[in-house]
Every structure is written in C-alpha cells, then in structure tokens.
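Visitor: The structure's right below; bear with me while I get my questions together.
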Amino acid sequence: MIKIGQIFKEFRTSKHITLLEASRGIVSIPFLSRFERGLTDISFTHLLELLNRINVQLSEFEFLYQTRSTASNDLLPSFQHAYQNGDIKQLQSYLRDWQKQTGKFAKLQTIQIKMMLATLGAASITDSELIILKEYFISISNWTFFELYLFGHSLPFLDKTFMFNLFEELRKKKIIYEDFRHDSFSLLFYLYNNIILSMLEEHSIKSAEILVLQLEDYFKNQGKDYYHHARIFNLKGLTIYLKGKKEKGLSLIKKANLIAHLTGQDPKFLTNERNYLAKYLTAEELVYVFDFSDVQL
C-alpha cells in the first residue's frame with residue numbers, strides 16, 4: 001500500500017526542495033523524513049501547511065495519490081473488472097478473503113461481492129443482508145465513492161420504491177456528481193445504467209426513457225471511451241425495443257454489440273450481454289444482434 005508520505009516526497013524532490021526548506025517552522029526535519037518513509041502519520045493541518053510550502057494543491061496531491069495507489073490499494077476497480085468479465089472464480093476468491101475479516105466495512109464489502117456473484121447466478125442475498133444495506137444507506141449523511149458504488153450494485157436487490165426514492169434524493173441533493181475521484185465519470189454512468197435496467201425490468205418504460213435521454217445528453221460532449229458509447233446504444237435500443245419499436249431498438253443493440261466486438265472486448269462480456277438480453281429478445285432476435293459475419297476485420 002502506497003503511503004501519502006511517498007507522494008509528498010515525490011512532489012518535494014521533483015521541485016528540488018530540501019527537507020530543511022520544506023519542514024522549517026512546520027515540523028522537524030527528522031519527523032518529515034519519517035513521514036516520507038511511511039514510518040509515522042501526520043495531522044491534516046500539517047499536511048496542508050507542507051503542501052502550501054512546496055506549492056502543491058490538495059487536489060493535485062489527491063489525484064497523484066489515487067493514480068499511484070489504484071493498482072495496489074483500490075479494490076473497487078478490481079471487483080468491477082472481474083464482475084464485468086463474468087469472472088466468478090476471481091469474485092469467489094475476493095469473497096472468501098473478505099468473509100475472513102471483521103467490522104462493518106468488511107461486512108459491506110462481503111455483501112457487495114455477493115451481489116455481484118448473485119447477478120452472475122453464482123450466489124444469493126439474504127433478507128438480513130438487505131436490511132443491513134437499507135439501514136446503512138438511510139444512515140449516511142455524506143456519501144462517498146464507496147457508498148455510491150455499493151448503491152449501484154444494490155439496485156437489482158432493493159425494494160423498488162426504496163431504490164427509486166433514494167436515487168431521486170441523491171439527484172436532488174446533487175450527491176451524484178463527477179468530482180469524487182479521477183475515474184468517477186464511470187461511476188455516474190454506472191448508476192444510471194443500473195437504475196435504467198431496473199426500471200426496464202419493472203416495465204417503467206417511460207421513466208427509463210427519460211433517464212436514457214438524460215444520460216445521452218450528459219455524455220454526448222464528454223468524448224468517453226467505446227464502452228460507454230456502446231452501453232448508451234444498448235440502453236437506448238432496449239428501451240425503444242420495449243416501447244414496441246423493435247426494428248429500431250434491435251439495430252441500436254446490434255450496434256452496441258458490434259462496438260464491443262470490433263474493439264476486442266473480452267468474450268465473457270458479450271456472453272453476459274447475451275444472457276441478459278435473452279430475458280427480452282427472441283432466439284431469432286438474439287442471433288441477429290450478435291451476428292457479425294458480414295464484418296471485415
């Protein structure tokens with residue numbers, strides 16, 4: 001796990017600032033040296049003073065810390081990667097690790113991984129676990145990335161009225177926004193994606209259509225990667241299909257699948273898409289939206 005002292009040292013040395021220059025009047029030289037080596041913690045007040053001394057903004061410091069620590073310290077992208085690729089064995093491994101740990105956070109992580117597995121048909125969620133989730137969401141006054149991510153995975157399992165009301169509350173309070181961290185853009189998309197799919201399953205087609213339009217409008221000028229564009233085509237296509245405009249809807253769904261195919265997405269991803277779409281499309285329609293035989297690679 002990367003230490004914040006290491007990040008501070010990286011900034012300090014890149015600016016050719018000595019320990020003496022950085023620490024003078026704030027902390028002792030030995031203390032700053034220990035902090036940079038990860039041997040001691042530091043107060044937030046002193047950290048802000050030190051950052052000001054070397055002319056580094058807190059947002060810059062946070063961004064570099066997240067960038068450096070994502071691979072070794074941030075588990076959520078690892079969970080999501082395994083889930084997106086339908087890697088049940090990897091998720092089960094994560095689950096066993098977290099089931100050995102204690103505390104509220106470990107319990108929430110365990111439930112989150114179980115929800116991923118349940119969506120893939122490899123686990124189930126108990127009523128008591130759902131109660132834990134609902135009570136936790138109700139108790140939160142300051143939502144962070146973790147809570148929003150957890151909420152996104154909880155959507156298919158929560159009572160629909162509770163889910164919709166909480167989602168609307170988050171939107172009205174502007175809690176769902178894109179400034180949590182450097183990859184939070186995907187989180188915003190992820191929440192919309194899951195709430196739209198939940199609405200479609202409940203046959204709330206008009207509500208889903210409104211959110212699809214909001215999502216499409218928000219993302220149209222963002223220049224996001226192929227995955228997000230493909231998902232918008234998929235959501236829009238499925239919504240249009242369920243409204244009765246099947247030909248147009250199937251065309252958009254096929255376009256989404258084609259993007260994933262042409263960009264070399266993991267085959268497990270398309271398998272998961274096929275399994276989900278099988279809930280709505282006929283066998284003949286499934287063949288059509290996954291038929292890439294006329295595409296030259």
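The values are calculated or read from the model by the stated rules, or taken from the named source; none is laboratory data. As the structure is a prediction and not an experimental result, all values here were calculated from the model. Reconstructed Cβ throughout: ideal geometry from the backbone, glycine too, with neighbour counts over all protein chains shown.
Visitor: Can you tell me which residue among 106, 118, 122 is in a helix (DSSP H, G or I) and closer than 21 Å to residue 273 by Cα?
Guide: 118
Visitor: Has the range 139-149 got any residue that is among the acidic types (Asp, Glu), within 24 Å of residue 193 (Cα to Cα) and out of contact with any Asp or Glu (no Cβ under 8 Å at 6 or more places or on another chain)?
Guide: Yes.
Visitor: When you scan the range 241-265, how many residues do you find that are buried (at least 19 other Cβ atoms within 10 Å of the Cβ), small (Gly, Ala, Ser) and at pLDDT 90 or above?
Guide: Adding up the residues that qualify gives 2.
Visitor: Under 8 Å between Cβ atoms, which residue pairs at least 6 apart in sequence (or on different chains) link something in the range 268-297 that is in contact (Cβ under 8 Å) with a residue 12 or more places away in the chain with a partner that is part of a loop (DSSP other than H, G, I, E, B) and of a type in the set (A, V, I, L, M, F, W, C)?
Guide: 270/290; 272/120; 274/290; 286/278; 289/281
Visitor: Next question, about the same structure. With the condition kept exactly as written, say whether any residue in the range 266-283 is of a type in the set (A, V, I, L, M), crowded, with 17+ Cβ neighbours inside 10 Å, part of a loop (DSSP other than H, G, I, E, B) and not assigned by TED's automatic domain parsing to the domain that holds residue 115.
Guide: Yes, the conditions are met somewhere in the range 266-283.
Visitor: Here is a further query. Quick check on my filter: what residues within the range 226-265 are in a helix (DSSP H, G or I), without any contact (Cβ under 8 Å) to a residue 24 or more places away in the chain and of a type in the set (Gly, Ala, Ser)?
Guide: Once the filter is applied, which keeps residues that are in a helix (DSSP H, G or I), without any contact (Cβ under 8 Å) to a residue 24 or more places away in the chain and of a type in the set (Gly, Ala, Ser), the range 226-265 yields 237, 249, 251.
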